[in-house]
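Here the structure is laid out as structure tokens; the discussion comes afterwards.
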Amino acid sequence: MKLGIIGLDSSGKTTIFEALTRSAGGVGQKTESRVGTIAVPDNRLNALSRIFSPQKTIFAQVEYFLPGIADQQKEKGRDPLRLNQVRDCDALILVVRNFQGYGFGPPSPLGDFNKLNLEMILSDFLVVERRIERLEADRQRGKKENSDELSVLKQCLTQLENEEPLRKNKDLANLGLLKGFALLSAKPLMLLFNNDDDDQQTPSFKDQKVEEEFLVIRGKLEQEISQMSTEEAGEFLQEFGIIDTAMDRVVQKSYELQGLISFFTVGADEVRAWTIKKGSSAISAAGAIHSDMAKGFIRAEVIGFDDFMTAGSLPAAKKLGTMRLEGKNYVVQDGDIISIRFNV
């Protein structure tokens, strides 16, 4: 799970990255690409850890990638927005400036978003157009045609010509045929409006409609909080009546953006959150833990998190009948606590 952070110059991309990853900038940090992996906050896992007192508690993780200027200069061609560097990311976070600042003009968050959106559409258009030209040239030379690929690419081209990102058509964007093209506008996208420290308001959309997931954040303030000790941050949040930081919400949204859910395994050794795609089966969950579990799958013992908390323990859940046995085709629900029975 890798999310690329993009935006126009001076939008606060680096500030957001450092707030998310709780990292501080240093010499060369502005020019080199940066990667940070952080735990996905989950109060359910905290509650399970308190009950089981395991040796280890392992949270789901999200990786953030901030493209660097130096890497951009190494690439062929001109890529001022560093879009080519995020092609291998699973999803994108687009940061737009909604704050005042010395030397800046008035913020135009929706204008900046539309500009970046159009750049991604144009980039994808060129990729798709070139591939169609190659396929048609191959056909003229007598090479066997891949009609499915050509048909899908022509659908993409039509949508891109209409200046519509491919993510608008989820069925098209998620087709396996397109995976190798790493099309930018097909990736899930979250929009972050980066506000001044004292501004929590969503910018005015007027007559425009924003269909993407978006959050309003105060990037500089969040960066300062991220550099505090746990005790200092707790006191600060309590003083200002903040229940959780915006960065926690961004991380959670990052996870949900990719259509992911968590299931849990519990025990004295380890309480752990495992990541799978929404709609995955019990045998897929077994495979996420270990391939042998999927090969030798027999049954899955399953209980929902809320049912477990009501029962208070696994033996009590069994007595209440809220723990059940499920087969390999059971669709795992977010928050399920699962134990796999297998034999290899």
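Values quoted throughout were computed directly from the atomic coordinates according to the rules given, and no laboratory measurement underlies them. Everything numeric here is computed off the predicted structure, so don't read it as measured data. Because the Cβ atoms are built from the backbone with ideal geometry, glycine has one as well, and the counts that use them run over all protein chains shown.
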FRET efficiency for K56 and E224 from the Cβ-Cβ distance with R0 = 41 Å, rounded to 0.05, comes out at 0.85
Note: K115 to L172 extended length (0.36 nm per residue) minus current alpha-carbon separation gives 18.2 nm
For L260, other-chain or 5+-apart residues with amide H closer than 5 Å (H placed, Pro excluded) are K278
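From the mean inverse distance of alpha carbon pairs (Kirkwood) and the Cα radius of gyration, derive Rg over Rh for the chain.
Details: Rg = 23.2 Å, Rh = 22.8 Å.
My calculation puts Rg/Rh at 1.02.
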Listed residues S280, S151, S49; largest mean-square fluctuation, Gaussian network over the chain with Cα springs below 10 Å, found at S151
Segment 105-193: relative contact order from alpha carbon pairs under 8 Å, six or more residues apart, as a whole percent, is 34
Once E164 and E256 are pulled to full extension, the length gained, defined as 0.36 nm per residue separation minus their Cα-Cα distance, is 30.8 nm
Each label sits 7 Å from Cα toward the beta-carbon; between Q140 and S313 the label points are separated, in nm, by 7.7
For R218, the residues 5 or more places away or on another chain with a placed amide H closer than 5 Å to its own amide H are N195
Across E235, E164, E129, the residue with the highest GNM fluctuation in the chain (Cα network, 10 Å cutoff) is E235
Once normalised by the length of the chain, the mean sequence separation of its alpha carbon contacts under 8 Å that are 6 or more apart gives a contact order in percent of 19
Across the alpha-carbon set of segment 194-262, Rg over Rh with Rh taken as the Kirkwood radius works out to 1.03
The chain, Gaussian network, Cα under 10 Å: of Q140, Q200, Q252, the residue fluctuating most is Q140
Once the in-chain neighbours fewer than 8 apart are removed, the lysines whose Cα is under 28 Å from K206 read K13, K115, K168, K170, K187, K220, K253
